[in-house]
Amino acid sequence: MSTGVLDELVSALRCLPSVGPKSAQRMALHLLQRDRGGAEKLARALGNALTRLHNCARCNTFTELEVCERCSSPRRDASLLCVVETPADMLMMEQTHSYAGLYFCLMGRIAPLEGVGPKELRLDRLLERAADPAVREVILATNFTNEGEATAHYLGEMLRARGLAVSRIARGLPVGGELEHTDIGTIAQALSERRPA
């Protein structure tokens, strides 16, 4: 039942995270069979995003402007610079409503097995951003994966060598979590990073 054009659409949908061949085929057939209007809207929105979005000159996230609204806001604390791996991580930090500083988005992490090293992340842009005299502390908020930890370690060494104050977000038990249902690595980390009550 497949045609070259349908195969091309299925293959294109497989580039999305967690979308395998069957899911991509279901999505493609759904759009063609039941929601052609939705397919056209998706195609327009994707085309529009590809032509109009670029990286912010200051924080490196996606924006239509030269400098994004967050970086331009006078209400943000310019003395704090939080380094995240992806725009999605930045959005999660924002949803906490507990951070009012500025950001720098790496658009990745050091992952030697994937061919991503410091050079590929263009860390020169981070160094330039962190050199702003207003920045008093750089907060490393990379993920707690092997790659995220390696990235945080590398960045910490690099930034401290330039005389910058560097901190790392803490990790531990989730709010509402129970010890009995938590892995031992998380419990050990929470114990070692304990603070006075």
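The values are calculated or read from the model by the stated rules, or taken from the named source; none is laboratory data. Quantities reported herein were computed from a predicted structural model and do not represent experimental measurements. Note: ideal-geometry Cβ built from the backbone for every residue, glycine included; neighbour counts use all protein chains shown. Accessible surface is based on the protein model in full, side chains and every heavy atom, while ligands, DNA and RNA are left aside. Shrake-Rupley method; radii C 1.70, N 1.55, O 1.52, S 1.80 Å.
Annotations for the structure displayed:
- Angle of helix 36-52 to the longest C-alpha principal axis of the chain, folded into 0 to 90 degrees and rounded to 10: 40°.
- Long-range tail of P(r) for the range 1-84 (Cα pairs > 19 Å, %): 57 percent
- Relative to the current alpha-carbon distance between T86 and I169, full extension at 0.36 nm per residue lengthens the span by 28.3 nm.
- Computed over the chain: relative contact order in percent, which uses C-alpha pairs under 8 Å that are six or more apart: 13 percent
- Excluding ligands, DNA and RNA, the accessible surface per residue across the chain is 67 Å² with a 1.4 Å probe.
- Cα pair distances of the range 50-154 binned at 10 Å [whole percent]: 15, 49, 31, 5, 0
- For the range 1-45 versus the range 53-98, the spacing of their alpha-carbon centroids is 32 Å.
- Panel values: the chain, Kirkwood radius from alpha carbon pairs, Stokes-Einstein at 10 °C and 1.306 mPa s, translational diffusion coefficient 80 µm²/s.
- Cα-Cα P(r), the range 123-197, percent of pairs per 5 Å interval: 3, 13, 20, 21, 15, 11, 10, 6, 2, 0
- Note on S98 and K119: the model spin-label points, each 7 Å out from Cα along the C-beta direction, lie 3.9 nm apart.
- Solvent-accessible area, 1.4 Å probe, carbon plus sulfur percent, for the range 1-99: 57 percent
- Taking all Cα pairs closer than 8 Å and separated by 6 or more residues, the relative contact order of the range 1-84 comes to 12 percent.
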